[in-house]
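Engineer: Below is the structure I would like to discuss, written out as structure tokens.
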Amino acid sequence: MSLSPAADRAIPTGLEPGLRARMTAAAMPLSAPAGAVLFHPGDPCRGFVMVGTGTVRVDLIAEDGHALLLYRVATGEACLLTTACLFSGEAYAAEGRAETAVEGLLLPQPAFDTLVAESAAFRRFVLAGFGARIAALMARIEALSFRSVDRRLAEVLLARGTKEVAATQAELAVEVGTAREVVTRRLNALAREGLVVLGRGTVALRDLAALRGLAEGS
């Protein structure tokens, strides 16, 4: 099978000779537009997903429909929940959605099981990615548990790397891990202090130094 450049980037480097060809032969191309749901809670896992380009966000969905961002899967990374489901045989417990257009590869479970058993390099790739995502998830839990809403909100605004953040207050609430009404109140407070200017679906960052101090807990 001939892979697109984007899908080809999903295959890890440093594999044993011939293993890349085996993966290419066994894997199926994965392509999804921005906004597409890749898996729902309760869905069975079809195989090991490797992202070649784009970003997938994984959200925990409450009974009332509210979402809580758990983590993102970016280029060259694998999904923590997908790996856990493949090892445990359990269904997905969260929702995966393409945040941008995504291309990558899906390695069916029989091929995944064989490669984990036979290839030390592939096994290291899977377990290293699993460990990194666990660490990121623990950091996310720590932030939600012990950092103030203001600090988390400042972190989310600064993480975009732009002076004007294009996001609704509902979207920011998912990132921050709180209710939209709470984010609305805190944004209004920041606006009154001159740190931000609120627009329709945008937040303009006016005092970056103060926001950085807030994000650092000072």
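The values are calculated or read from the model by the stated rules, or taken from the named source; none is laboratory data. The structure displayed is predicted, hence computed values, not measured ones. Ligands, DNA and RNA are excluded from the accessible area calculation, which covers all protein heavy atoms including side chains. Shrake-Rupley method; radii C 1.70, N 1.55, O 1.52, S 1.80 Å.
Engineer: Counting only protein chains, not ligands or nucleic acids, how are THR83, THR55 ordered by accessible area (probe 1.4 Å), most first? Don't skip to the answer; put the middle values down first.
Structural biologist: On the way: THR83 5, THR55 30 Å².
So, going from the largest accessible area down, we get THR55, THR83.
Engineer: Ok, one more. Using only protein heavy atoms and a 1.4 Å probe, report how much of THR53 is accessible, in Å² to the nearest 10.
Structural biologist: 40 Å²
Engineer: Over the chain, with the other protein chains present, what is the accessible area per residue in square angstrom, probe 1.4 angstrom?
Structural biologist: Counting only protein heavy atoms, the per-residue value for the chain is 50 Å².
Engineer: Can you give me the long-range amide H partners of LEU38? Hydrogens built in the peptide plane at 1.01 Å from N, cutoff under 5 Å, separation of 5 or more residues or another chain.
Structural biologist: GLY96, ARG97, ALA98
Engineer: With the Cα gyration tensor of the stretch 1-79 in hand, convert its eigenvalues to equivalent ellipsoid semi-axes via √(5λ) and list them largest first in whole Å.
Structural biologist: Three semi-axes, in Å: 28, 12, 12.
Engineer: Quick one: order ARG140, ARG147 from most to least accessible surface, probe 1.4 Å. Show your work: numbers first, answer last.
Structural biologist: Working: ARG140 40, ARG147 70 Å².
So the residues, ranked largest to smallest area, are ARG147, ARG140.
Engineer: Shape call for the stretch 147-218 from the C-alpha gyration tensor, a ≥ b ≥ c root eigenvalues: rounded (a/c under 1.5), prolate (a/b greater than b/c) or oblate? Let's see the in-between values first.
Structural biologist: Working: a/c = 1.35, a/b = 1.09, b/c = 1.23.
Rounded, since a/c falls under 1.5.
Engineer: While we're on this one: So what's the stretch 92-218 giving for Rg/Rh, alpha carbon basis, Kirkwood Rh from the mean inverse pair distance?
Structural biologist: 1.11
Engineer: Rolling a 1.4 angstrom probe over the protein chains, ignoring ligands and nucleic acids, what is the accessible area of GLU155 in square angstrom, nearest 10?
Structural biologist: 50 Å²
Engineer: Need the C-alpha centroid separation for the stretch 12-73 versus the stretch 138-205, integer Å.
Structural biologist: 27 Å
Engineer: For the chain, calculate the relative contact order in percent as a whole number, restricting contacts to Cα pairs under 8 Å that are 6 or more residues apart.
Structural biologist: 20 percent
Engineer: Restricting to DSSP H runs of at least four residues, report the calculated mean residue ellipticity at 222 nm for the chain, -39500 (n - 2.57) per run over all residues, nearest 500 deg cm²/dmol.
Structural biologist: Calculated at 222 nm, the ellipticity per residue is -13500 deg cm²/dmol.
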